[in-house]
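**Student:** Take this structure first; my questions come after.
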Amino acid sequence: MASIIEKAEDYVTSASISRDVLRDKLSEFLAVERGGLKLYDRALQIISDAEVSRKFRDFREQTRNHESILLRVINELGMNPSYVSPSAKLATEKATALLNTMNSPDGLTPKALEINAIENIVLAETKDHADWEMLGKIARQTDDSHLSDVLKPAVSEVEPQEDEHLNWTKEQMARLEFAALAKK
């Protein structure tokens, strides 16, 4: 989440946002959400920790909603939701690479596979969190009132969930890694 100082500064400055660059970024952000869904699906097949599984099911459903919200934003801005930018293609390749590490169990214990799955979610959620922070910054700084009006409610709904996704998952990764390292 952006700091209070950063948000205050955003409200006193304004910027013209390039529609073409924004279209490319929204396409990328949509690909990140979709990649996250695939990562959650795979992680849920690997994770044995009941608390993590339960929370990941919740996060997956929220991520599905975030995908819908981005589609709505794209449509409300008069953009094509089927458009796939070069950065969206790259985001898809990154998600596929993370998924591939979850399908290669050679020599890893079930606990190590579980930790790897959680690490991959942390990586994906870090990018996803940054994307929504950027949309918040755009909403606060744009001189385009329509753009601001479309983005603000979306960001208000999603950003607190993204904070939870990232922070909670990092805590669980640390908890499970420490438990794997601790002598029994």
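The values are calculated or read from the model by the stated rules, or taken from the named source; none is laboratory data. Only a predicted model underlies this, so the values are computations on that prediction, with no experimental measurement involved. Methodologically, a virtual Cβ is constructed for each residue, glycine included, from the backbone with ideal geometry; neighbour enumeration extends over all protein chains shown.
**Student:** May I ask you to list pairs of residues, at least six apart or on different chains, whose Cβ atoms are under 6 Å apart, with the first in the stretch 44-65 being over 27 Å from Pro153 (Cα atoms) and the second being of a type in the set (S, T, N, Q) and buried (at least 18 other Cβ atoms within 10 Å of the Cβ)?
**Tutor:** Pairs that qualify, where the first residue is over 27 Å from Pro153 (Cα atoms) and the partner is of a type in the set (S, T, N, Q) and buried (at least 18 other Cβ atoms within 10 Å of the Cβ), are Val52/Gln172.
**Student:** Further, regarding this structure: Going by the structure shown, is Ser85 farther than 17 Å from Glu164 by Cβ, over 15 Å from the mean Cα position of the chain (by Cα) and among the hydroxyl-bearing types (Ser, Thr, Tyr)? Working first, answer last.
**Tutor:** Numbers: farther than 17 Å from Glu164 by Cβ: yes; over 15 Å from the mean Cα position of the chain (by Cα): yes; among the hydroxyl-bearing types (Ser, Thr, Tyr): yes.
It is true that Ser85 is farther than 17 Å from Glu164 by Cβ, over 15 Å from the mean Cα position of the chain (by Cα) and among the hydroxyl-bearing types (Ser, Thr, Tyr).
**Student:** Residue by residue through the stretch 139-155, note down the ones that are without any contact (Cβ under 8 Å) to a residue 60 or more places away in the chain and buried (at least 19 other Cβ atoms within 10 Å of the Cβ).
**Tutor:** Listed by number, the residues that qualify are Ala139, Val155.
**Student:** How many residues, within the stretch 25-50, are over 14 Å from Ile121 (Cβ atoms) and surrounded by fewer than 15 Cβ atoms within 10 Å (Cβ to Cβ)?
**Tutor:** From the stretch 25-50, those over 14 Å from Ile121 (Cβ atoms) are 25-31, 34, 48, 50; that's our starting set.
Filter again for surrounded by fewer than 15 Cβ atoms within 10 Å (Cβ to Cβ), leaving 48, 50.
Summing the residues that are over 14 Å from Ile121 (Cβ atoms) and surrounded by fewer than 15 Cβ atoms within 10 Å (Cβ to Cβ) in the stretch 25-50 gives 2.
**Student:** Related question: Would you pick out the residues in the stretch 1-46 that are closer than 12 Å to Met134 by Cβ and modelled with pLDDT of 65 or more?
**Tutor:** Ile17, Val21, Leu22, Lys25, Leu26, Glu28, Phe29, Val32
**Student:** May I pose another question? Please verify whether the stretch 92-100 includes one or more residues that are within 23 Å of Gln62 (Cβ to Cβ) and of a type in the set (Ser, Thr, Tyr).
**Tutor:** Taking the stretch 92-100 as the starting set, the residues that turn out to be within 23 Å of Gln62 (Cβ to Cβ) are 92, 94-96, 98-99.
Pick out the ones that are also of a type in the set (Ser, Thr, Tyr) and you get 92, 96.
Yes, the stretch 92-100 contains at least one residue that is within 23 Å of Gln62 (Cβ to Cβ) and of a type in the set (Ser, Thr, Tyr).
**Student:** Answer yes or no: is there a residue in the stretch 153-164 that is in a helix (DSSP H, G or I), out of contact with any helix residue (DSSP H, G or I) (no Cβ under 6 Å at 6 or more places or on another chain) and among the aliphatic types (A, V, I, L, M). Let's see the steps before the verdict.
**Tutor:** Residues of the stretch 153-164 that are in a helix (DSSP H, G or I), as a first pass: 153-164.
Now drop any that are not out of contact with any helix residue (DSSP H, G or I) (no Cβ under 6 Å at 6 or more places or on another chain), which leaves 153, 156-157, 160, 163-164.
Within this subset, residues satisfying the condition of being among the aliphatic types (A, V, I, L, M) are none.
No, the stretch 153-164 has no match at all.
**Student:** Let me ask another. Only residues that are closer than 12 Å to Val52 by Cα and of a type in the set (A, V, I, L, M, F, W, C): list them for the stretch 148-184, please.
**Tutor:** Here is the first cut: in the stretch 148-184, the ones closer than 12 Å to Val52 by Cα are 165, 168-173, 175-176.
Of everything in the stretch 148-184, those that are closer than 12 Å to Val52 by Cα and of a type in the set (A, V, I, L, M, F, W, C) turn out to be Trp168, Met173, Leu176.
**Student:** Collect the residues in the stretch 81-106 that are of a type in the set (Ser, Thr, Tyr) and either outside any loop (DSSP other than H, G, I, E, B) or under 15 Å from Leu123 (Cα atoms) (or both), keeping them in residue-number order. So that I can check it myself, show each step before the final result.
**Tutor:** First pass over the stretch 81-106, keeping only residues of a type in the set (Ser, Thr, Tyr): 82-83, 85, 87, 92, 96, 101, 104.
Passing the criteria: Ser87, Thr92, Thr96, Thr101.
**Student:** Give me a count of the residues in the stretch 81-122 that are surrounded by fewer than 13 Cβ atoms within 10 Å (Cβ to Cβ) and either among the β-branched types (Val, Ile, Thr) or free of Cβ contacts under 8 Å to residues at least 24 places away in the same chain (or both).
**Tutor:** Result for the stretch 81-122: 9.
**Student:** Another question, then. Could you please tell me which pairs satisfy a Cβ distance under 6 Å, a separation of 6+ or placement on different chains, a first residue in the stretch 156-180 that is farther than 19 Å from Leu39 by Cβ and touching a residue at least 12 places away in the same chain (Cβ under 8 Å), and a second residue that is surrounded by 12 or more Cβ atoms within 10 Å (Cβ to Cβ) and among the charged types (D, E, K, R)?
**Tutor:** Going by the 6 Å Cβ cut-off, the qualifying pairs are Ala180/Lys111.
**Student:** So which residues in the stretch 101-132 are out of contact with any helix residue (DSSP H, G or I) (no Cβ under 7 Å at 6 or more places or on another chain) and either of a type in the set (Asp, Glu) or modelled with pLDDT of 95 or more (or both)?
**Tutor:** Answer for the stretch 101-132, where residues must be out of contact with any helix residue (DSSP H, G or I) (no Cβ under 7 Å at 6 or more places or on another chain) and either of a type in the set (Asp, Glu) or modelled with pLDDT of 95 or more (or both): Asp106, Ala130.
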